[in-house]
Amino acid sequence: MNEHVLKVVEFHKIKEHLSSLAGSAEAAKRLASLSPMAGQGEIEAALQQTEDALSRLLSCGHVSFSGITDIRPVTKRLSIDSDLNPSELLMLARLLETAEAARSFAKKKEEPDSLTEIFQTLDPLPLLSSEIRRSIVDTDEIADDASPRLASLRRKIKGMDGRLHDKLMSLINNSETRKSLQDPVITMRDGRYCLPVKAENKAAVPGVVHDHSGSGSTLFIEPLPIVQLNNELREYLLQEEDEIAEILKNLSAKCRVHKDTLDTDFEILVNLDFIFSKGKLALEQNATKPLLNQKGIYNLRKARHPLLPAASVVPVDLVLGKEYDQLVLTGPNTGGKTVSLKTLGLLTVMALSGLMIPCLDRSEIAVVKEVFADIGDEQSIEQSLSTFSSHMKNLVQILDRADRDSLVLLDELCAGTDPTEGAALAISILEELHLRGIRTMATTHYSELKVYAMTRPLVTNACLEFDVETLSPTYRLMVGIPGKSNAFAISEKLGLKSRLIESARKKLTENTKELEDLIAELEKSRRELLEEQAAVEALQKDAIALQKKNEETAERMAKRKESILQEANEEAVKILREAKETADSTIRNINKYGNADGNIRELEAERKNLNEKIKNHENSLNTLSAEKKKGNSKPPKKLVIGDRVRVISMNLTGTVHTLPNEKGELTVQMGILHSKVNVSDLELLPEETTGLPKKKASSGGFRSQKASNIHAEINLIGKTCDDAIAVLDKYLDDACLAGLPSVRIVHGKGTGALRNAVHSRLKQLPYIASFRLGEYGEGDAGVTIAEFK
């Protein structure tokens, strides 16, 4: 893609900030050279990696790549059998430790993604890195236990050093020697211990002179008694240097064996740093992955210019290539036209470079070969080009090179010359681009271009709203409405005399007046439409809140109703059990006592007691059954003796024994029992019915219970994909059994992983007829509506 457009849309500023997010110099260098790609597959892969990096940053936290240093010069030395110094070996150890940390970070995410294989390719060589760390303390210090011989030598050096100090201290403490010393201290010259002796007393301290002071008054003499000790110390030190060289040689040999692995780890870590830097930028910008297409469609939902402060930028909805191929943007200066133009250009370049863009999800970007832009004042004094000439030179190049796979952005088209000629040229250029099917967005002040956009198919006007009351732009993009300069209104607000404004109005041509009146009428209609839309949205919110409240109330009532019915049924069973036990006891007594008068009186008393109990229980049950029957089956209007009926409150069948009295009470025989019930507690059964099918009643009760307990919505936000699918399966089974026509599944927007998992599962379920993402007012892309067969 041409460098001119990258400069014009300020892509270099994005890359500068992106480079600062990298942990390594090599990744920062690659980010600084980032550029748009041509193939959709390549772009899709880069965007997917960026999205997966963002997902890992959100779910697993941050990962550091600061331990990456360019090891290629080091591995090159290994390839020519050179031994490495401690600094170079530590560099390799830090790289391997960074690889180990990256592998550990990758394990935090259970679900595989596009980065999983990249992480798995890393080989941190833990044995090699730990060996280097064990042997080398710092760039200038080798550990004592790097080898047994080095440890032994250092013990000898330490012991010899102690002996030397003891010997020298005994000389210093000698009264005769002390008089000859310049200072009672031990010094070192040429790697050997010495004493500072006064030049005039050198004969008093026999030994080897190694140095003298600048004035010559002090000689640094190695006393003869310690010469041998110094020699032995020197030998040990030389042996130590040889052993250290051997240790470094052995470590270098071990690194040489893994040279290719080290080079591969470096490349992988730099690539991961490159990818995660893009993910960090997406996190900062609250960006989303755009949908790519080859149809020339741009649909930016609530797009924000990434270089403007997030707190102050006003999001805009930009659509191009669907209902219209050209967008003509008009309005006053400083209204945000150029920013909108640059937003489209910059976000397109970012997406084609594999970067996520600061828009709502499901925004679309067309894959194009080139983006052409003519933005800003590019006059050149050196080339003797005026503003108009400079713009025209760019336009000529654009017209020569642009095709259907291009996006063209034109700012103040054909400005800087005679307005009449400039407008005519602008219309001709736009017509040429339109005939060639090139997606174009242009800004202008020419009224003629407003008419052009209103009268041409697949071309539309747009403007940025301006608040005349505050004399400031609102930066809200309004498609379909041409912009006004608002010169008269602004001048009047600023205090220009009314007679001058009226005089100016009279000088406008009739066509211009009609156009301005049309724009004013459109603006008025738009404001009225927005007010109506706001009122409708408020009513919709109230309706949703009321519906939710009603559903909650209905749910509470259903639970209470079931509880009452359950208690009534349990009470009825208890009554029947007591009645049966009493009847059995009475029959046994009759069989036992026969016709004995005394015992008959006792039996009569038991019978009266039983009847009193049954009557009390029937009264309480009739009250419950009367509440239950409201809204359910209607009581039979006409009964005859012998009709088969069901006593609803007792869930038993019987036959009519007596006709209802004035209160609607009658006697029903149920087996050996005669019970007085109210006609409202009866359900007339067909003649062939021999009993109540318990199985069907049970199934119906189960379905009723499910329907009363199941909600038409489930919230999966905050769950992992596996947990969410398990909960969703159980919920959908219950909802299907409950007979719900459709359900609302809330999964949120986020990275889209949970939404994709839900959609994949819905495709597998045989009882799901269809599903779709929520529309405006339903939850948008954070919700899926599923319908049952």
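Quick notes on this structure:
- Number of residues in the stretch 233-244 that are touching a helix residue (DSSP H, G or I) at 6+ places or on another chain (Cβ under 6 Å), closer than 15 Å to ARG163 by Cα and not hydrophobic (A, V, I, L, M, F, W, C): the value is 1.
- Number of the exception - SER87 against (1) in a helix (DSSP H, G or I); (2) under 20 Å from GLU267 (Cα atoms): (2)
- Scanning the stretch 314-337 for residues that are touching a strand residue (DSSP E or B) at 6+ places or on another chain (Cβ under 8 Å) and open to solvent by 20 Å² or more (accessible area, probe 1.4 Å) yields VAL314, PRO315, ASP317, VAL319, LYS322, GLU323, TYR324, ASP325, THR334.
- For the stretch 757-782, the candidate set comprises residues that are among the hydroxyl-bearing types (Ser, Thr, Tyr) and either touching a strand residue (DSSP E or B) at 6+ places or on another chain (Cβ under 7 Å) or part of a loop (DSSP other than H, G, I, E, B) (or both); within that set, the residue that is surrounded by the fewest Cβ atoms within 10 Å (Cβ to Cβ) is TYR776.
- Set LEU128, LEU153, LEU195, LEU168: member being farther than 30 Å from GLU51 by Cα, open to solvent by less than 40 Å² (accessible area, probe 1.4 Å), in contact with a Phe, Trp or Tyr (Cβ under 7 Å, 6 or more places away or on another chain) and modelled with pLDDT of 90 or more: LEU153
- Candidates LEU90, LEU57, LEU115, filtered to the one that is surrounded by 21 or more Cβ atoms within 10 Å (Cβ to Cβ), of a type in the set (A, V, I, L, M, F, W, C) and touching a residue at least 40 places away in the same chain (Cβ under 8 Å): LEU115
- Residue within the stretch 66-86 that is within 22 Å of GLY354 (Cβ to Cβ), at pLDDT below 95 and not aliphatic (A, V, I, L, M) present: no
- Index of the failed condition, ILE275 passing every other in (1) open to solvent by 10 Å² or more (accessible area, probe 1.4 Å); (2) part of a helix (DSSP H, G or I): (1)
- Looking across the stretch 289-305, the residues that are open to solvent by less than 30 Å² (accessible area, probe 1.4 Å) and within 10 Å of CYS359 (Cβ to Cβ) come down to PRO290, ASN299, LEU300, ALA303.
- Taking the numbered list (1) open to solvent by less than 40 Å² (accessible area, probe 1.4 Å); (2) modelled with pLDDT under 70; (3) aliphatic (A, V, I, L, M) in turn, LEU471 passes all entries but (1).
- If the condition is being under 39 Å from the mean Cα position of the chain (by Cα), surrounded by fewer than 23 Cβ atoms within 10 Å (Cβ to Cβ) and under 30 Å from GLU492 (Cα atoms), then the stretch 419-468 contributes GLU465, ASP467.
- ASN250 being assigned to a helix (DSSP H, G or I) and either within 30 Å of VAL197 (Cα to Cα) or in contact with a Cys (Cβ under 6 Å, 6 or more places away or on another chain) (or both): no
- Selection from the stretch 200-255 of residues that are farther than 30 Å from ARG149 by Cα and among the polar types (S, T, N, Q): ASN201, SER213, SER215, SER217, THR218
- Residue match in the stretch 210-228 (condition: open to solvent by 70 Å² or more (accessible area, probe 1.4 Å) and under 60 Å from the mean Cα position of the chain (by Cα)): no
- Some residue of the stretch 349-364 being surrounded by 15 or more Cβ atoms within 10 Å (Cβ to Cβ), part of a strand (DSSP E or B), among the charged types (D, E, K, R) and modelled with pLDDT of 90 or more: yes
- Filter pass, SER340 being among the hydroxyl-bearing types (Ser, Thr, Tyr), open to solvent by less than 10 Å² (accessible area, probe 1.4 Å), part of a helix (DSSP H, G or I) and touching a helix residue (DSSP H, G or I) at 6+ places or on another chain (Cβ under 9 Å): no
- Scanning the stretch 713-750 for residues that are under 19 Å from GLU775 (Cα atoms) and either open to solvent by 50 Å² or more (accessible area, probe 1.4 Å) or without any contact (Cβ under 8 Å) to a residue 40 or more places away in the chain (or both) returns GLU713, ILE714, ASN715, ILE717, PRO741, ARG744, VAL746, HIS747, GLY748, LYS749, GLY750.
- Test result for LYS289, closer than 30 Å to GLU97 by Cβ, at pLDDT 90 or above and among the basic types (Lys, Arg): no
- Selection status of ALA572, closer than 30 Å to GLU775 by Cβ and modelled with pLDDT of 70 or more: no
- Residue that is more than 30 Å from GLU364 (Cβ to Cβ), at pLDDT 90 or above and either over 27 Å from the mean Cα position of the chain (by Cα) or not basic (Lys, Arg) (or both), where the choices are MET37, MET91: MET91
- Restricting the search to helices (runs of 4 or more DSSP H) fully inside the stretch 1-58 and requiring at least 3 residues that are touching a Phe, Trp or Tyr at 6+ places or on another chain (Cβ under 7 Å) and not small (Gly, Ala, Ser) gives an empty result.
- Scanning the stretch 62-84 for residues that are in a helix (DSSP H, G or I) and either polar (S, T, N, Q) or open to solvent by 70 Å² or more (accessible area, probe 1.4 Å) (or both) yields ARG72, PRO73, THR75, LYS76, ARG77, SER79.
- Condition check for ASN591 on (1) surrounded by 13 or more Cβ atoms within 10 Å (Cβ to Cβ); (2) more than 26 Å from MET650 (Cβ to Cβ); (3) at pLDDT below 75: one failure, at (1).
The values are calculated or read from the model by the stated rules, or taken from the named source; none is laboratory data. All of these numbers come straight from a predicted model, not from anything done at the bench. All Cβ positions, glycine included, derive from the backbone under ideal geometry; neighbour counts span all protein chains shown. The protein model used for the area step is the full one, side chains on, heavy atoms only, and it has no ligands, DNA or RNA in it. Shrake-Rupley method; radii C 1.70, N 1.55, O 1.52, S 1.80 Å.
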